Every structure is written in C-alpha cells, then in structure tokens.
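**Q** The following block contains the structure, expressed as structure tokens.
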Amino acid sequence: MGWRLIRTYTILVYLFMFLPIVVVVLLSFNANQFGSFPMTGLSTRWFEALWNNDAILRAFRTSIVLGLMTATISTVLGVLASLALVRYQIPGRNLITTLLIAPILVPEVVLAVALLLFLNFLNIGKSFTLLLAGHVIFTLPFVILVVQARLVSIRRDVEEAALSLGASPMQTFFAVTLPLLMPAVAAGGLFAFTISFDDITGTLFWKPGGIETVPTQIFSMLRNSISPEINALGTVIIVLTVGLPLIGVAVARILATRSGA
Amino acid sequence: MSIEQREARQPWILLAPALTAIGLLLIVPLMFIVVYSFWLKSAAGADTPGFFLDNWTEALTDRFYRDILLNTLKIAAITTIACAVLGYPAAYFISRSRGNKMILLLLLMLPFWISYIIRTMSWINILGVSGALNSAMIYIGIIDEPVQMLYNQTTVILGLVHFLLPFMVLNIFVSLDGIDTNLEDAASSLGATRWQGFLQVTLPLSLPGLAAGGLLCFVLAAGTYVTPVILGGPRDAMFANLVYEAIIRQLNWPLGSALSLLLLIVLGVLVLIYNRYLGMAQLAKGLG
C-alpha cells in the first residue's frame, strides 16, 4: 500500500494548489458578463476592457516602478551586508544576522504601524518614499539570505589570487566576486521585485491617497463583487509572475554556466 | 591609521547601509510605538504624551479584543496543523521520488509566486453562489438551489492554507532531503517495518523542518489582514483587522500601538521559544 497511497495523496495536494488558479484563467475567457459558471462561451473581451482601464494601467506602472526601485536598493544593501557577514570575522555576527532578518519574523501589520506612526511623528506623511522604504525593509532579509547562501560557496582562494596579483579590493570585487555572485544577485533582485509587487498589507497602511498598486487596486475592486475583469487581471498576473521567475531561473543558469560555476 | 585598523573598519562600512536602514525603519519605529502606546488619545486630534496605562488596560481587559486575539491564535493553529497534514506526505513524496525532485518541488512552489490576492479571491470563483462547486452540484443534481459556502471561518482557514502550504512543504523538504536514505535501509535490515523505520528514524530527524515550517505558517497566519476581509464574514475579523480599524479608521494611534505590540509580544514569545530549542539557523535554511 504505502507508496501508492502517498502518491495519490500528493496528487490531490497538487490539485488543491492548482485548481483555484486554473479556474481564474478559465473564467477570464468567459463571454458571460458575470464572472461565474456556467460559462456561456469564450471571449477575450475582458482583456480588452483591462487594456482600456486607466486605473489598472496606472496601478501597473506604480507597481513596476516601485518593484524595480525596491529590488535595486535591497540588492545593493543586501550584497554589501552579505560580504561583511561572510568574508570578515566580526564580533556579534549572530546578533547582526538576526537583526537583519528580523523583518521576516515581525508581523507585517506591526511593522507597517510602527513605520507609519514614526514617520508621521517626524512630520513625514504618507508618500511614495514611505512606500519604498517599507518595501525595502520587507525584501532586504530575503536578498541577504539568498546572497549569503551563494557567497559561502564561492571559494576565498579566487579572491586572494586576484589580490596577490595586485588587484585592489574594489577591482577584485567587480572582476572576480561579483560575476561569480551574479546568479544570486539576480535571484535576490527578482525575489525582492516579486515580494514588492505582491505586497498588500503594508502597502494599504503606507500608500498615500490616490496611489494604488496592482494588489490594492484589485482589493478595492473586490469590494463590489468579483468581475470577469478581475479574473482577466488575475490571468495576466499569473502569466507574468510565473513567467518572470522561470525566465529568471533560465538567465541565472546561463550566467552560471558562462562564469563556470 | 594603521592597515589593521582600516581592515577592521571595512566590514562595518559594508554593513552600515543595511544596519542603518533596519535601525531607522524597524528598530527605532518599534521603540517609538512602545512609547506611543502609553500616550493618550485626545479628542482634539493631537495625542497627549505621557505615561498612561489606559490603552494597555483596554487592550488586555476588553473581552472584545481578547476574543478576537484568541480566535486569531486558534485560526493560526488550525491553519498550521492543516498545512503540516497536507504538506508532510507531499514533501516526503517529493524527497523520495525517483523522478526529477527539483521539477516536482518547483511545480509545488509555483503558486507561491502567484499573487496572494489573486489566489485568495480565486476561492470566490470556486465556493461562491455561482461558483464552480455550486454549478457542478446543481448540474449533477445533488442540490437544487446554490448553497452559501463562503464568508465564514472555514473559508478563511482554507485561503490561509492555500497561501501558506508552499512554505511548509519547502521547509519539510529541505529537512527530509538532508537525511541519508541509508538510515531507513539500516532500520529495515535490523528488522523494522517501513512504517516503524519512518516513525523511529525519518520522522524524528525531519522535526526541525516541520517546526520551522510550522513557526512560519503560524506567525504569517496570525498576522493576516487581507484573507478575513475577502473570504471571511463580518464576524471573522482577525487581530490585524482590529489594528487596521484602530489606526486607519478611528485614528486612535495610541490604542493601535498597544494592540499591535500585543500581537508582537504574543508571537515574539513563540519565536523566542523556537529560537531557544532550534535556533534561527534552521529557519534561514528553509527560507534561502
């Protein structure tokens, strides 16, 4: 019995995970004007409606700009911090690591409230900058975890060889370490972008009136009812979020084989 | 400055930007709301600084808050157990399968990449009055009228399990994958059945992964704001919803501070207990 039973069970778990997603995609092509069964025919009209919906397009632009800026800042901060943690003997290393990954363990609401009230106290109200700062704090731990894991496996010798041949620490970093680290940098950046793009709780606390990201836009649309347009938007996001990481993994692989790691 | 001194400064220069960011955007704000939670909300708009225990008294003694806190912890616990029950066999299957383990794992992690809000609302398509399940049951003839299955505590838990299961599977997988399969063979050569071998060898060795996954699921579930709003009924608010109400709607910042700190303390105690017995390194393994 054993093994076959576990396999069936696992298939059911996969079904549980994928069924809702399949239904979203299916319903987004529904010709019916309500986002519901029974389906009356296939149509792409909801994708056209999406394309003509200014609010959604604006939200997309905001989310992409925010995600790119978050990813850039987090990746730079994360790479620098990881270098210090992996390449140097520093006192209190464990404490510093715990501090740097703390944002994962602090519930998002608490973090959101603390940052909002503190900046409000300093007379810095809700703004895009607050949103960006918050997203950087959320994503930084993930970048550090990914980059650190890779950095540990890059041998110290190659860097020392470059240094002994007269390269400055800066030259060594850019000519030796960074290229070897590139897969992790790419993965960390992509991770940061995806988390930022998907974040909703913190964003609801921090966003100034009038600015919507894709998740908060969907959230406010859901207050009315679930429309086929939301399903179409869901389908677009599913294609983007599944497609992007897969492309990312592929690019990381190519970079890894080129750098010979 | 000597070379040694400059060398010793280098790591701190590298760490400075990240530590400054965490310090200014996390640590200082957290200390700030500790102070703020003792201030007093005044009707005029400006809050009164000082040391008042009113917010804490309200947060700790009001039955309304206590019930929602207990309910939140209950939902988080059920979610965590459901994730473990669904996730363990799946993680075991993936780690022991002869096929391509990484593809199987990646496939299960795919939903993790798909937008949280899309995945949450997708359950409306399935359980709603005109959703897939009702339509199917009417078509088959089990029911004549659609049944309202949405907007209750069960659907909140369902949405949370769907959201958090990949975290659980990944953590258990990392643990199981690190166990030498020869150990199971050794157990069976010493006369243990497969089931005994699993119970006495594999399961105990994989407990750290199960605990790490459990902690993540519990903390993330207990802090949820969006799922109860989308999939719950009016009476299914969780603790984060209270915090949102206090801060954004009522603008009662001192009370909101006290409430969010209460949540942080309750979950913090859990994290500390975990850290005492298993350490943070285990958690980092499953996340990285």
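**Q** Can you confirm whether segment B:85-103 contains a residue that is charged (D, E, K, R), more than 11 Å from chain A (Cβ to nearest Cβ), in a helix (DSSP H, G or I) and open to solvent by 30 Å² or more (accessible area, probe 1.4 Å)?
**A** yes
**Q** Within segment B:187-288, which helices (runs of 4 or more DSSP H) (wholly inside it) include 1 or more residues that are of a type in the set (Phe, Trp, Tyr) and touching a helix residue (DSSP H, G or I) at 6+ places or on another chain (Cβ under 8 Å)?
**A** By residue number, B:194-197, B:203-222, B:239-244, B:253-277.
**Q** Please enumerate the residues belonging to segment B:128-149 that are in a helix (DSSP H, G or I) and more than 28 Å from A:Gly243 (Cβ to Cβ).
**A** Initial filter on segment B:128-149 (in a helix (DSSP H, G or I)): B:132-140.
Passing the criteria: B:Leu133, B:Asn134, B:Ser135, B:Ala136, B:Met137, B:Ile138, B:Tyr139, B:Ile140.
**Q** Here is a check on your reading of the model: is A:Val242 closer than 22 Å to B:Leu108 by Cβ and facing chain B (nearest Cβ under 10 Å)?
**A** So A:Val242 fits the description; yes.
**Q** Filter segment A:108-158 down to the residues that are of a type in the set (Asp, Glu) and under 17 Å from B:Leu30 (Cα atoms) and list them by number.
**A** Once the filter is applied, which keeps residues that are of a type in the set (Asp, Glu) and under 17 Å from B:Leu30 (Cα atoms), segment A:108-158 yields only A:Glu108.
**Q** Separate question: Those residues that are open to solvent by less than 70 Å² (accessible area, probe 1.4 Å) and among the aliphatic types (A, V, I, L, M), I need them from segment B:45-77; list them, please.
**A** B:Ala59, B:Ile68, B:Leu69, B:Leu73, B:Ile75, B:Ala76, B:Ala77
**Q** In addition: Given the structure, is B:Asp47 more than 23 Å from the chain's Cα centre (by Cα), under 19 Å from B:Leu262 (Cβ atoms) and within 14 Å of another protein chain (Cβ to nearest Cβ)?
**A** Yes.
Rundown of residues vs (1) farther than 23 Å from B:Leu283 by Cβ; (2) out of contact with any Leu (no Cβ under 7 Å at 6 or more places or on another chain); (3) part of a helix (DSSP H, G or I); (4) not β-branched (Val, Ile, Thr), yes/no style:
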{"position": "A:Val22", "(1), (2), (3), (4)": "yes, yes, yes, no"}
{"position": "A:Trp46", "(1), (2), (3), (4)": "yes, yes, yes, yes"}
{"position": "A:Leu57", "(1), (2), (3), (4)": "yes, yes, yes, yes"}
{"position": "A:Thr62", "(1), (2), (3), (4)": "yes, yes, yes, no"}
{"position": "A:Leu68", "(1), (2), (3), (4)": "yes, yes, yes, yes"}
{"position": "A:Val76", "(1), (2), (3), (4)": "yes, yes, yes, no"}
{"position": "A:Ser82", "(1), (2), (3), (4)": "no, no, yes, yes"}
{"position": "A:Ala102", "(1), (2), (3), (4)": "no, no, yes, yes"}
{"position": "A:Val113", "(1), (2), (3), (4)": "yes, yes, yes, no"}
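**Q** Looking at B:Ile118, B:Ile157, can you tell me which residue is part of a helix (DSSP H, G or I), facing chain A (nearest Cβ under 8 Å), within 27 Å of B:Lys74 (Cα to Cα) and modelled with pLDDT of 90 or more?
**A** Answer to the selection: B:Ile118.
**Q** Cβ-Cβ distance below 7 Å, separation of 6 or more or different chains: which pairs start in segment A:45-58 with a residue that is loosely packed, with under 12 Cβ neighbours inside 10 Å and end on one that is in a helix (DSSP H, G or I) and at pLDDT 90 or above?
**A** A:Ala55/A:Gln217
**Q** Something else: Which members of segment B:104-115 meet the condition of being within 8 Å of chain A (Cβ to nearest Cβ) and within 19 Å of the chain's Cα centre (by Cα)?
**A** Scanning segment B:104-115 gives B:Leu108, B:Leu110, B:Pro111, B:Trp113, B:Ile114, B:Ser115.
**Q** Name the residue that is nearest to the other protein chains (Cβ to nearest Cβ), counting only residues in segment A:65-106 that are among the hydrophobic types (A, V, I, L, M, F, W, C), open to solvent by 40 Å² or more (accessible area, probe 1.4 Å) and closer than 22 Å to A:Ala187 by Cβ.
**A** If we take residues in segment A:65-106 being among the hydrophobic types (A, V, I, L, M, F, W, C), open to solvent by 40 Å² or more (accessible area, probe 1.4 Å) and closer than 22 Å to A:Ala187 by Cβ, then A:Leu80 is nearest to the other protein chains (Cβ to nearest Cβ).
**Q** Next up: For segment A:120-160, give me each residue that is farther than 17 Å from A:Asp199 by Cα and without any contact (Cβ under 8 Å) to a residue 12 or more places away in the chain.
**A** The answer is A:Asn120, A:Phe121, A:Leu122, A:Asn123, A:Ile124, A:Ser153, A:Arg155, A:Asp157, A:Glu160.
**Q** When A:Phe128 is evaluated against the numbered criteria (1) within 12 Å of chain B (Cβ to nearest Cβ); (2) closer than 22 Å to A:Phe205 by Cα; (3) not basic (Lys, Arg), which criterion, by number, is the only one it fails?
**A** Every listed condition holds for A:Phe128 apart from (1).
**Q** Within segment B:17-44, how many residues turn out to be more than 30 Å from the chain's Cα centre (by Cα) and not in a loop (DSSP other than H, G, I, E, B)?
**A** 1
**Q** Among A:Ala232, A:Ala184, A:Ala250, which is more than 9 Å from every other protein chain (Cβ to nearest Cβ) and without any contact (Cβ under 8 Å) to a residue 24 or more places away in the chain? Lay out the reasoning, then the answer.
**A** On the way: A:Ala232 fails: without any contact (Cβ under 8 Å) to a residue 24 or more places away in the chain; A:Ala184 fails: without any contact (Cβ under 8 Å) to a residue 24 or more places away in the chain.
After ruling out the rest, the residue left standing is A:Ala250.
**Q** Counting just the residues of segment A:107-125 that are within 7 Å of chain B (Cβ to nearest Cβ) and open to solvent by 20 Å² or more (accessible area, probe 1.4 Å), which one comes out farthest from A:Thr203 (Cα to Cα)?
**A** A:Phe121
The values are calculated or read from the model by the stated rules, or taken from the named source; none is laboratory data. Since the model is a prediction, treat every value here as computed from it, not as a measurement. Glycine also receives a Cβ, built like all others from the backbone with ideal geometry; neighbour counts cover every protein chain displayed. Side chains are part of the model used for accessible areas, which takes the heavy atoms of the whole protein and leaves out ligands, DNA and RNA. Shrake-Rupley method; radii C 1.70, N 1.55, O 1.52, S 1.80 Å.
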